Structure formats: C-alpha cells, structure tokens
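Read the structure below first, then the notes.
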Amino acid sequence: MGNSTGSTVDDLQAVEMHLWYKKFMTECPSGQLTLHEFKQFFGLRGLDSEADAYIEQMFRTFDMNKDGYIDFMEYVAALSLVMRGKMEHKLRWYFKLYDVDGNGCIDRHELLNIIKAIRAINGTENKDVTAEDFTNRVFDRIDINGDGELSLEEFVAGARTDEDFMEVMIKSLDLGHIVAMIHSRRRSL
C-alpha cells in the first residue's frame, strides 16, 4: 500500500507547517510581517546600531520579493533553510546576508560589523579575542588571493575549513527560541 514511514513523515511535516502557520498568523494577523513585527517576533528589541543594522539586513534577505514584508511563504522558506537546509545553501545564504552592499564580495568592514552585531544579539563578548582580531584572523585564513575581500568561493571554502568562523555563522541565525515556542504550542494543543 505504500511506505508507512513516508506518510508519518508527511504527517509530521504537515503538523509542523500548521504550527508554523498558527504562530505566524498569531503574531502577524495581516499575513505580512513588517520589519518592526519581525524584530518583535524574534525577540530582538533594544539592540545597538550594528545589531539593528544586521537584523534589518536579515529582514531584507528574507523578503525575497522585496516588497517590504515577509509573507508566510517567505517565512517558511527562511525557517526551512535555516533549520533544515543543506550546508551549501546555508553558506550561500549567509554570504548574501553578510554582503551588505550587494557588490558580490564581503570586505573586512562588512564582516567586522556582522561579528559585532552577532556578539551584541547573542549577548556574548569574547574577552580573549576582539571582534577586530577575529575578523582579521578570518581574513588571514580564508582570503586566498589576499585582495581584502571574500568572494563567494572563498567564503564557502573558508567556512568549511575554519571551525571558529563556522561557529559564528551558526550562532548568527540561532532560531532555537522560535523552535521552542512552536514546540511548546504543539504540546499545549
């Protein structure tokens, strides 16, 4: 009759999708998430200017059709990428997120601002290594051609080989608190 495991997986995905939809519509009854609502939705308020700029860039990256809103399909695509996407797709998305000026390269200044923002959002400041030192170390390791900019290829290859840099990227999109909220609602249903 068919693969019972497949239908169980499909059922779980359908339940999870329904919960994501309920969460989205509860937080955003209009069905379109604004930047302000996005910050509230993810509990990102009262950030310094660098962290705020990073969150705004993240919002613009999630807003795939560039209409100034994140609709449910964009929300699902973003969550799916972050939570289940293949590493290659995640790294390409991170590159797009970190390339703030959209010129196809990440320079030291862009990376430094991202590192500072991630530390501010996560409430962690590494006293042993400043954001500047970390940025310089990353560039020294992965800027293969030494031009002071990271191409997509250098970024992806470097992220795969530099564990410290990969850890920072993973922390930059830790949506564990959103997943926990969705799962806590599942238990209360």
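The values are calculated or read from the model by the stated rules, or taken from the named source; none is laboratory data. Quick caveat: nothing in here was measured; it's all calculated off a predicted structure. Counting neighbours? That spans all protein chains shown, and the Cβs are built from the backbone with ideal geometry, glycine included. Ligands, DNA and RNA are stripped out before the accessible areas are found, and what is left, the full protein with its side chains, is counted by its heavy atoms. Shrake-Rupley method; radii C 1.70, N 1.55, O 1.52, S 1.80 Å.
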Just one of (1) open to solvent by 30 Å² or more (accessible area, probe 1.4 Å); (2) modelled with pLDDT under 90 trips up Glu149, so point out which.
(2)
Exactly one condition in (1) open to solvent by 20 Å² or more (accessible area, probe 1.4 Å); (2) modelled with pLDDT of 90 or more is false for Phe155; which is it?
(1)
List the helices (runs of 4 or more DSSP H) inside segment 70-161, counting only whole elements, that have at least 3 residues being of a type in the set (Asp, Glu) and farther than 30 Å from Lys23 by Cβ.
131-142
Of all residues being at pLDDT 80 or above and open to solvent by 70 Å² or more (accessible area, probe 1.4 Å) in segment 16-49, which is nearest to the chain's Cα centre (by Cα)? Just the residue, please.
His36
So, first residue assigned by the TED database to the domain that holds Asp67 in segment 14-41, second residue hydroxyl-bearing (Ser, Thr, Tyr) and open to solvent by less than 20 Å² (accessible area, probe 1.4 Å), Cβ within less than 8 Å, six or more apart or across chains; the pairs are Trp20/Tyr75; Phe24/Tyr75; Leu33/Tyr75
